[in-house]
Amino acid sequence: MFFLALAVACSLAIAVVFKVAERRDLDRTALLTVNYLAGAALAVALQGVDAPAELSGGLVALGVGQGVLFIAGFWLFALAIREAGMGLAAGVMRLSVVVPFLASWAVWGEVPTALQLVGLVLAGAAFFLVARPAGPPGKVGPPAPDGSPPAPTAGGRTVGVLALLFLTGGLVDVNMKVFRETFSQAAGGTTPISTFLLFVFGVAFLVGALAVGWTGIRTGRWPSRAAWAWGVGLGVVNYYSAEFLLRALERLDGTVAFPANSVAIVVGAALIGRAVWGEALSRANLAGLGLAVAALVLLAG
């Protein structure tokens with residue numbers, strides 16, 4: 001349980017770094033770009049890298065798509081923390097396991113158990129409760145001066161951000177499933193998962209670097225020293241969150257480690273957000289987090 005506790009602590013640290021960065025108004029894209037550079041450098045320093053025996057177009061396309069999803073998902077997670085708070089953002093991020101769950105059922109014929117189906121229903125209910133805006137449903141702002149349609153309120157924007165986070169987080173896991181079933185050594189392929197992840201980290205870094213460079217050239221605003229420092233810290237805890245979880249899986253069954261990891265992150269993020277930053281949670285939000293915990297346990301089988 002020691003390594004599992006360390007994995008949870010690192011995952012919570014990621015959310016805390018995003019929250020601090022938002023409070024300090026740090027460049028979100030620069031933070032993520034430095035994070036992926038630091039994470040990739042740490043992985044190479046500790047593990048080295050083994051080149052795959054062959055490099056197919058499908059593998060490259062999967063890696064590029066996954067790299068884009070990696071940085072987009074983290075960017076949305078940071079935005080969701082600003083819009084909805086740590087607890088709700090972490091809850092939706094964990095609930096995104098529903099997407100690969102459905103893909104495994106539909107594409108790979110992995111039929112769920114009765115309890116997993118109950119967990120799926122609970123997960124759907126949990127998402128709508130967690131993402132429920134504080135204001136009245138459907139409320140919009142006043143019409144724009146030019147007569148264009150009125151803009152949605154913060155509540156509608158928050159729901160949209162959480163929905164995109166849910167979809168993006170789920171697609172990341174679907175792509176990992178595609179890699180494991182098609183290209184990984186375990187499936188008879190030639191590519192170690194560590195090498196694939198390094199490639200994905202590299203793509204995510206390049207996407208972020210292009211965005212930071214374009215913004216800097218266009219506006220003259222370049223990443224601050226604080227963004228570099230917090231980005232390096234984020235890269236370290238991001239790397240070790242995966243490293244410690246893998247170590248925990250060497251000692252614990254996945255049916256124990258995965259739900260325990262997810263539940264601890266959902267509850268821990270909500271408690272930290274409330275205790276440190278005074279993030280308010282409505283009764284619907286609290287009920288949604290409770291359902292999310294139950295759903296994650298049931299979905300783990």
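Key figures for this structure:
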item	result
Phi to ³J(HN,Hα) by Karplus 6.51 cos²θ - 1.76 cosθ + 1.60 over segment 242-259, Hz, x for Gly, Pro	6, 4, 5, 5, 5, 5, 5, 5, 6, 10, 10, 5, x, 5, 9, 5, 5, x
Structure-based [θ]222 nm, the chain - -39500 (n - 2.57) summed over DSSP H runs of at least 4, per residue, nearest 500	-26000 deg cm²/dmol
Of all accessible heavy-atom area on the chain, the percent that carbon and sulfur account for (1.4 Å)	68
Scaled radius of gyration (Cα, divided by 2.2 N^0.38 Å) that segment 181-224 gives	1.78
Cα centroid of segment 166-197 to Cα centroid of segment 19-95, whole Å	15
15 Å beta-carbon shell around Val267, net charge (K/R +1, D/E -1)	+1
Summed residue charge, Cβ within 12 Å of Ala103's Cβ, Lys/Arg positive, Asp/Glu negative	-2
Where GluC sites (Glu not before Pro) fall in DSSP loop in segment 241-284, at most 13 other Cβ within 10 Å	Glu250
Phi to ³J(HN,Hα) by Karplus 6.51 cos²θ - 1.76 cosθ + 1.60 over segment 286-296, Hz, x for Gly, Pro	5, 5, x, 5, x, 5, 4, 4, 4, 5, 5
Restricting segment 1-37 to trypsin sites (Lys or Arg not before Pro) in coil, as DSSP defines it, with at most 13 other Cβ within 10 Å	Arg24
Neighbourhood net charge (9 Å Cβ-Cβ; Lys/Arg +1, Asp/Glu -1) for Leu4	+2
Förster radius 41 Å - calculated FRET efficiency between Val60 and Thr255, Cβ distance, rounded to 0.05	0.75
Calculated from backbone phi, Karplus (6.51, -1.76, 1.60) coupling profile of segment 203-219 in Hz, x at Gly/Pro	5, 4, 5, 5, 4, x, 5, 5, 5, 5, x, 4, 5, x, 5, 6, 10
FRET efficiency, 1/(1 + (r/R0)^6) with R0 22 Å, evaluated for Ala275 and Ala5 via beta carbons	0.75
Ellipsoid equivalent to the chain - semi-axes via the Cα gyration tensor, in Å	29, 26, 20
Packing-based order for 197-209, 223-235, 76-88, using average beta carbon neighbours within 10 Å, highest first	76-88, 197-209, 223-235
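The values are calculated or read from the model by the stated rules, or taken from the named source; none is laboratory data. Computed from a predicted model, the values in this text were never measured in an experiment. All Cβ positions, glycine included, derive from the backbone under ideal geometry; neighbour counts span all protein chains shown. Quick note on the areas: whole protein, heavy atoms, side chains included, nothing else; ligands and nucleic acids left out. Shrake-Rupley method; radii C 1.70, N 1.55, O 1.52, S 1.80 Å.
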